[in-house]
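> The structure under discussion is supplied below as C-alpha cells; questions concerning it will follow.
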Amino acid sequence: MSNLLLVDDEPRMLDLLELYLSPHGYTCTKVQSGKEAIRAVEEKPFDLVLLDVMMPKYDGWKTCEDLRSISEVPIIMVTARDQKTDIVKGLNMGADDYVTKPFDEDELLARVKALLRRTSNADQIEVDGLMWDGEKYKLSYNGHFIPVTPKEFSMMGHLMRNPERVFSREHLIDIVWGINSETEGRTIDSHVRNIREKVRQTGFPIDDYFQTVWGVGYKWVKGTGKTSS
C-alpha cells in the first residue's frame, strides 16, 4: 500500500483526489498549504506527493523547490494551467510529472501508478558490492552488515542516489535533520568520518567513492556497479 501526500488549499479538491485514489489502495494524507507539506514530509515518509501549483503565499513552485531540498519523494504537479512554460518550470524545479485540471480520473490514476512503478526500486542501491537497502533499513558490503546510525544511513542513501552531485554541509543538514534544524556543519563532518571508518573496516574502498570537495561539501562518485532506480 502506497502513502500519498495530497497538497491543495481547496478542501473540496483534496476530498475529490482522495475519493479517486483511496478505492485503489492508496492511503492519503491531506494538507492545505506548502508549509504543512514540508512538515509532513519531515515527519514521515511518503511514496508520492500530488502538489497543487496555485496556492496563496507559499505556492506549488516554492513548495516543490523546498521539498526537493529535503527529499527525493516523487512529485506530480497539479495545475489548472496547461501552458508549456508552466509544465517546463515544474519539471525544472524537480517535479517528476504533471496533470492539469480538470483532469480525467483514469489519467490521474495512470500517472500515479506509472510514477510509483518507475520509483519503486529506488529504495535499493548497489554499488560494487555495497548495498543500501531502504526497505530493510540496512547497509551492507558483500552481505556483511555495517552498523550505521539512522542519520548516517540517510546521508549515505542520499549521496548514493545522486552520484557526482556535490552537496554542501548546509544542504545535507536540511536533508537529514530538516530545514529548521540548528545542527552545525561540523556535525556533518563527524558523521562523514564515522561512515568512512565503519565502511572501510569491511574492505570496501569508501574513500574512492565518498569524496570531499574542499571548501564546498561532499559527493558520491559513480562506481562500476549498478544503481537501482
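The values are calculated or read from the model by the stated rules, or taken from the named source; none is laboratory data. What you are looking at is a predicted structure, and each value in this text was computed from that prediction instead of being measured. Virtual Cβ from ideal backbone geometry, glycine too; neighbours counted across all protein chains shown. Accessible surface areas use protein heavy atoms only, side chains included; no ligands, DNA or RNA. Shrake-Rupley method; radii C 1.70, N 1.55, O 1.52, S 1.80 Å.
> Got at least one residue in the range 174-192 being under 17 Å from the mean Cα position of the chain (by Cα), open to solvent by 30 Å² or more (accessible area, probe 1.4 Å) and not aromatic (Phe, Trp, Tyr)?
Checked against the condition, which is being under 17 Å from the mean Cα position of the chain (by Cα), open to solvent by 30 Å² or more (accessible area, probe 1.4 Å) and not aromatic (Phe, Trp, Tyr), the range 174-192 yields at least one hit.
> Let me ask something additional. Answer yes or no: is there a residue in the range 56-66 that is closer than 26 Å to residue 173 by Cα, of a type in the set (S, T, N, Q) and under 18 Å from the mean Cα position of the chain (by Cα).
Yes, the range 56-66 contains at least one residue that is closer than 26 Å to residue 173 by Cα, of a type in the set (S, T, N, Q) and under 18 Å from the mean Cα position of the chain (by Cα).
> All but one of (1) open to solvent by less than 30 Å² (accessible area, probe 1.4 Å); (2) touching a Gly at 6+ places or on another chain (Cβ under 7 Å) hold for residue 62; state the number of the condition that does not hold.
Among (1) open to solvent by less than 30 Å² (accessible area, probe 1.4 Å); (2) touching a Gly at 6+ places or on another chain (Cβ under 7 Å), residue 62 violates only (1).
> Look at the range 123-163 and say how many of its residues are at positive phi and under 17 Å from the mean Cα position of the chain (by Cα).
Counting residues in the range 123-163 that are at positive phi and under 17 Å from the mean Cα position of the chain (by Cα) gives 1.
> To continue, here is another question. Can you tell me which residues in the range 212-229 are buried (at least 16 other Cβ atoms within 10 Å of the Cβ) and at pLDDT 90 or above?
217, 218, 219, 220
> Any residue that is surrounded by 19 or more Cβ atoms within 10 Å (Cβ to Cβ) and either touching a strand residue (DSSP E or B) at 6+ places or on another chain (Cβ under 7 Å) or assigned to a loop (DSSP other than H, G, I, E, B) (or both) - is there at least one of those in the range 99-110?
No, there is no match, as no residue in the range 99-110 is surrounded by 19 or more Cβ atoms within 10 Å (Cβ to Cβ) and either touching a strand residue (DSSP E or B) at 6+ places or on another chain (Cβ under 7 Å) or assigned to a loop (DSSP other than H, G, I, E, B) (or both).
Table: residues versus (1) open to solvent by less than 10 Å² (accessible area, probe 1.4 Å); (2) in contact with a helix residue (DSSP H, G or I) (Cβ under 7 Å, 6 or more places away or on another chain); (3) without any contact (Cβ under 8 Å) to a residue 40 or more places away in the chain; (4) within 28 Å of residue 155 (Cα to Cα).
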{"site": "5", "(1), (2), (3), (4)": "yes, yes, no, yes"}
{"site": "9", "(1), (2), (3), (4)": "no, no, no, no"}
{"site": "12", "(1), (2), (3), (4)": "no, no, yes, no"}
{"site": "18", "(1), (2), (3), (4)": "no, no, yes, no"}
{"site": "29", "(1), (2), (3), (4)": "no, yes, yes, yes"}
{"site": "34", "(1), (2), (3), (4)": "yes, yes, yes, yes"}
{"site": "39", "(1), (2), (3), (4)": "no, no, yes, yes"}
{"site": "48", "(1), (2), (3), (4)": "yes, yes, no, yes"}
{"site": "76", "(1), (2), (3), (4)": "yes, yes, yes, yes"}
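> Separate question: Can you pull out every residue in the range 33-56 that is of a type in the set (Val, Ile, Thr) and either at pLDDT 95 or above or within 17 Å of residue 11 (Cα to Cα) (or both)?
Listed by number, the residues that qualify are 49, 53.
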